[in-house]
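Quick notes on the structure that follows.
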Amino acid sequence: EISLKYGADRLGKRHDDSMRKFRDNRLGAFIHWGLYAIPGGEWNGKVYNGAAEWLKSWAKVPADEWLKLMDQWNPEKFNAKAWAKMAKKMGVKYVKITTKHHEGFCLWPSKYSQYTVAQTPYKKDILGELIKAYNDEGIDVHFYFSVMDWSHPDYRYDIKSKEDEAAFNRFLEFTDNQLKELATRYPTVKDFWFDGTWDASIKKNGWWTAHVEQMLKDMLPGVTINSRLRADDYGKRHFDSNGHLMGDYESGYERRLPDPVKDVKVTRWDWEACMTVPENQWGYHKDWSISYVKTPLEVLERIVHAVSMGGNMVVNFGPQADGDFRHEEKELADAIGKWMQEYGECIYGCDYAGWDKQSWGYYTRKGKDVYMVVFNPPYSKLLVVKTPKGTKVTKAVLLDGKDIGVKETARNEYNVNMPAKAPAGPFVIKLQIEEDASVTDKYRDALT
Ligand SMILES: C[C@@H]1N[C@@H](C(=O)NCc2ccccc2)[C@H](O)[C@@H]1O
């Protein structure tokens, strides 16, 4: 291994209470809310199909012109309690809020910037209202924070001169101040999810990313930090030059998921995926017909897929400028919530089962309980289960306790019956197992 000053400061997963809660939460929601919600993907009469929160970039709008949108920021339908009730009903255990996205507009009254809610007609501290409302519902709050800040004159994409260096150092100090401000004003925050850290300027300042992780952990013991913040001595990101994960969980699965067979290695560390409902819209876009919109079932499958591989899933919501949600997102929250109400025990506190993936769906595991989450019931009405050596399935029940029958068909192979009346949608079977490495082998491998 090469010696690093700013590489991973820990090997392996964290097992303290805070990280355990992060992991056991499993299902979160993203809130992408900023000035970009006002134009909603359209600028000067042209609708841009790219991500709506990047409209400033697609339409090449100068920062001072873009930030004039602040004069229109007055979400008259915003009701933090209603947002928290919606999240509660969806069954999310945490919400990640964009405190400041790339545009530089702050949802809290930062004293280090003139581009904040305090300078808008709305005036009030939106972030503070949201944290109180979510926490009052028992929902953890995580902060999304974009290091890249298009509103700040000292931001640099690269460091190519002494002036660049001086400017960027001022920018890093500004960023430190905002982060300390967030940690001080909102001490119940449980996680910082950094974005906008891919530029050469950050990769050349790996020391600063290590300093930020330490600074926040000193201020808020237990707080979790995503790998996307981190660059090491050589600009390596997420995983350091020795291949060790930096931060507390991998945060590279944005709008994609690890393959259940080829990428089983991700089960060795903590990770959190995030996803959009359209193909690629985080902020509010007025026209969702421009790309494919996932159904609630497709969102649900991604949630289960993540948990089945030992990861968290964060489903994105892009609130409207008026503070209300579009009907598609309300309906999605409702549908996911109904499923979680009935089957959530196969998600919350669950992890990778370590069994070979089968075509009917996904396994999750909590202690001695292995769950089968069935998305694709077979015409045979027989759900094939293959267990690791020394593991036996002794019973298969629905979550209401109804025994549906399991038959051993070969060594470490079983057929679990489909319920007589196939449920109308994805459902869960709970397996009772016995694990004993000393189990004698009554079957013999064929001699080939
Ligand atoms: C969580 C998402 N991350 C931001 C994003 O655009 N990431 C993908 C990306 C990364 C680098 C260049 C272009 C696009 C999106 O705006 C969301 O905030």
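Details
- Identity of the residue in segment 238-284, hydroxyl-bearing (Ser, Thr, Tyr) and away from the ligand (no atom under 12 Å from the Cβ), that ends up least open to solvent (accessible area, probe 1.4 Å): Tyr249
- Subset of segment 186-197 [crowded, with 16+ Cβ neighbours inside 10 Å and either away from the ligand (no atom under 16 Å from the Cβ) or part of a helix (DSSP H, G or I) (or both)]: Tyr186, Val189, Lys190
- Top-ranked residue in segment 102-131 [being out of contact with any helix residue (DSSP H, G or I) (no Cβ under 6 Å at 6 or more places or on another chain), assigned to a loop (DSSP other than H, G, I, E, B) and open to solvent by 10 Å² or more (accessible area, probe 1.4 Å); ranked as farthest from Glu53 (Cα to Cα)]: Lys111
- Top-ranked residue in segment 204-214 [being over 23 Å from the mean Cα position of the chain (by Cα) and assigned to a helix (DSSP H, G or I); ranked as surrounded by the most Cβ atoms within 10 Å (Cβ to Cβ)]: Gly206
- Filter pass, Asp218 being more than 20 Å from Val95 (Cα to Cα), open to solvent by 20 Å² or more (accessible area, probe 1.4 Å) and either part of a helix (DSSP H, G or I) or at pLDDT below 95 (or both): yes
- Pick from segment 369-408, criterion free of Cβ contacts under 8 Å to residues at least 12 places away in the same chain and either closer than 19 Å to Glu345 by Cα or assigned to a strand (DSSP E or B) (or both), ranking: nearest to the chain's Cα centre (by Cα): Asp400
Here is a yes/no grid of residues against (1) modelled with pLDDT under 95; (2) polar (S, T, N, Q); (3) under 21 Å from the mean Cα position of the chain (by Cα):
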{"position": "Asp24", "(1), (2), (3)": "no, no, yes"}
{"position": "Gly34", "(1), (2), (3)": "no, no, yes"}
{"position": "Gly40", "(1), (2), (3)": "no, no, no"}
{"position": "Lys56", "(1), (2), (3)": "no, no, no"}
{"position": "Lys68", "(1), (2), (3)": "no, no, no"}
{"position": "Asn74", "(1), (2), (3)": "no, yes, no"}
{"position": "Lys77", "(1), (2), (3)": "no, no, no"}
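- The residue pairs whose first member lies in segment 47-71 and is touching a residue at least 24 places away in the same chain (Cβ under 8 Å), whose second member is among the acidic types (Asp, Glu) and in a loop (DSSP other than H, G, I, E, B), and whose beta carbons are closer than 8 Å, counting only pairs six or more residues apart or on different chains, are Val47/Asp287; Glu53/Glu103; Lys56/Glu103; Trp66/Glu103; Leu67/Glu103.
- Checked against (1) buried (at least 20 other Cβ atoms within 10 Å of the Cβ); (2) touching an Asp or Glu at 6+ places or on another chain (Cβ under 7 Å); (3) in a helix (DSSP H, G or I); (4) not polar (S, T, N, Q), Leu55 passes all but condition (2).
- Residues that are basic (Lys, Arg) and open to solvent by 50 Å² or more (accessible area, probe 1.4 Å), drawn from segment 4-35: Lys5, Arg10, Lys13, Arg20, Lys21
The values are calculated or read from the model by the stated rules, or taken from the named source; none is laboratory data. Note that this is a predicted model, so its numbers are computed, not measured. Quick reminder, even Gly has a Cβ in these numbers, built from the backbone with ideal geometry, and neighbours come from all protein chains shown. Please note that ligands, DNA and RNA were not included when accessible areas were found on the heavy atoms of the full protein model with its side chains. Shrake-Rupley method; radii C 1.70, N 1.55, O 1.52, S 1.80 Å.
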